[in-house]
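Written below as structure tokens is the structure these notes are about.
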Amino acid sequence: MMATAKAVKAKTGLKVSVPVEIIVLLVLLAISIGVPVGAFYYEDTVRPAQMPTVDMVVHRVEDGGFKPNEIRMKKGETVRIIARSEDVVHTLVAPDLGLFIPEIYPGKTTILEFTPEQTGTFPFMCATWCSPMHPGMTGTIVVE
Ligand SMILES: [Cu+2]
């Protein structure tokens, strides 16, 4: 049989009362901590998991260039581009789309979120002199 609050009070003689200000303070504290934690969790974990992702590995042209060298996107849909170099520093620039990944360092991962605003076929290229065959560092972005 469960003891009711009245029965407990009667047995122990204790009277517990919490001022309303403390309850309001605790609720405000929970909200002020919970909302930012939830927002960070959503931005860092939930949203990226739902986003289309392009995993790109970059080498000098003589070792394969951009892989993949054709990227497909949908107009208005944000894509997460995860780029890493396996040799020297490269860049990814698609001037007609306004896409610019400034430096893709060897051994590091560069992540950029990009939302294409127009449809079409757009060239992209490396803008960092990475080898004598650097001018051949090109690819295509197709936005449907
Ligand atoms: Cu280059």
Pairing the Cα long axis of helix 20-41 with the longest principal axis of the chain, what angle in degrees results, from 0 to 90 and rounded to the nearest 10?
20 degrees
Please list, short to long, the whole-number percent of alpha-carbon pairs of the chain in consecutive 5 angstrom bins beginning at zero.
2, 9, 14, 14, 11, 8, 6, 5, 4, 4, 4, 4, 4, 4, 4, 3, 1, 0
What is the distance, in nm, between label points placed 7 Å from the Cα along the Cα-to-Cβ direction at residue 15 and at residue 30?
2.6 nm
Please report the antiparallel percentage of the DSSP beta bridges confined to segment 53-143, to the nearest 5.
65 percent
Under the 0.36 nm per residue contour assumption, what length would be gained going from the current alpha-carbon distance of residue 77 and residue 62 to full extension?
2.1 nm
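Where does each of 85, 131, 17 land when they are ranked from fewest to most other beta-carbon atoms within 10 angstrom?
Ascending number of Cβ neighbours within 10 Å: 17, 131, 85.
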Measure off 7 Å from each Cα along the Cα-to-Cβ vector at residue 108 and residue 89, then give the distance between these two points in nanometres to one decimal.
0.9 nm
Rounded to the nearest Å, the spacing of the alpha-carbon centers of segment 26-60 and segment 69-144 is 23 Å
Compute the label zone of residue 144 within segment 38-82: residues whose backbone N is under 13 Å from the point 7 Å along Cα-to-Cβ.
71-75
Can you give the helix-only mean residue ellipticity at 222 nm for the chain, where every DSSP H stretch with n ≥ 4 adds -39500 (n - 2.57) and the sum goes over all residues, rounded to the nearest 500 deg cm²/dmol?
-7000 deg cm²/dmol
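Read the figures in this text as sums done on the coordinates, not as results from a lab. Nothing here was measured: the structure is a model prediction, and the numbers come from that model. Backbone-built Cβ (ideal geometry, glycine too); neighbour counts: all protein chains shown.
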